[in-house]
1. Give the shape of the range 107-220 as rounded, prolate or oblate, defined through the alpha-carbon gyration tensor: a ≥ b ≥ c are the square roots of its eigenvalues, a/c under 1.5 means rounded, and otherwise the shape is prolate if a/b is larger than b/c and oblate if not.
2. In nanometres, what is the gap between the two model label sites at residue 223 and residue 184, each 7 Å from Cα along Cα-to-Cβ?
3. Which of 30, 206, 86 moves the most in a Gaussian network model of the chain with Cα springs under 10 Å?
4. Determine the shape class of the chain: with a ≥ b ≥ c the square roots of the Cα gyration tensor eigenvalues, call it rounded for a/c under 1.5, and otherwise prolate if a/b is greater than b/c, oblate otherwise.
5. What is the distance in Å between the Cα centres of the range 1-76 and the range 112-149?
6. If a/c stays under 1.5 just call it rounded; otherwise compare a/b with b/c (prolate if a/b is bigger, oblate if not). Do that for the range 1-110, with a ≥ b ≥ c from the square roots of the Cα gyration tensor eigenvalues.
C-alpha cells in the first residue's frame, strides 16, 4: 500500500489598511476578534504590523483546515452570534481604508521549519513574482540551491507559501522570522553562507524564473494575536 499523503496546509491571509487616526480603535477591535477566535476554539490567529513598507498595514493569518469550513457560520458568528458579528464588522469598517483576503498554501517541501516556542518578534517578508510556467523550476531551485544555502547560514525557520485564491498564483511568499532587527546588519544570508561570488552565482540562477521581488519587515503583535501553542517538549526517556 502507498503512503497516505498529508493534507494541504491552507491559511487565510487578511491584509487591512487602516485610517491612521483610528489606530487605537482598530487595535482594540483586533483584540475583540482574537478573543472571539479563542472562544470559538481556533488554534491560532497571529497578527503582524508592517513597520517597513505600508505603515498603515496589518496582516492576520488564520489556519484553514478545509474549505468546507467556510460553508457554515464564520468563526465570529460562532463566538458572537450573527448580530454580534455584524455589529463588530460595522465598527471595524469605519476604521479601514481597505481590506484584501487571500488563501495560501504552505510549501513545506521547500521550507525550513524548526519547532520553537518563540521563532521571533519580527519577520523579513519577501514577495516573489514568478515568470509564468516557472513554478516547477522555482521549486527545484529552492530545494537544490537556496534552501541548502540557508541551512549553511544556520537559518532555523524559512517559510514558503503560494498565493492561490484572491491573488496571483505566480506569487510566492517567503517569511524569515527574526528575534532582532540587528540580524539584518549581519549582511545578506546568501553572502554569509557562500561568499560574494557564490552568492552572485546563486542569484544568477533566478534569472528567467523570478520576475520581481518586493521586501517588507513586519512586527509580530502578540497583544493582538492568538499565538500557536508552543511545541511539546520531548518526553524524557524512562
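1. Numbers: a/c = 1.65, a/b = 1.17, b/c = 1.40.
Oblate.
2. 2.2
3. 86
4. On the way: a/c = 1.67, a/b = 1.50, b/c = 1.11.
It is prolate, given that a/c is not under 1.5 and a/b is the larger ratio.
5. About 21 Å separates the Cα centre of the range 1-76 from the one of the range 112-149.
6. Values: a/c = 2.64, a/b = 1.45, b/c = 1.82.
The shape class here is oblate.
We did not get these values from a lab; they are worked out from the coordinates using the rules stated. Computed from a predicted model, the values in this text were never measured in an experiment. FYI the Cβ positions are ideal-geometry reconstructions off the backbone, even for glycines, and counts take in every protein chain you see.
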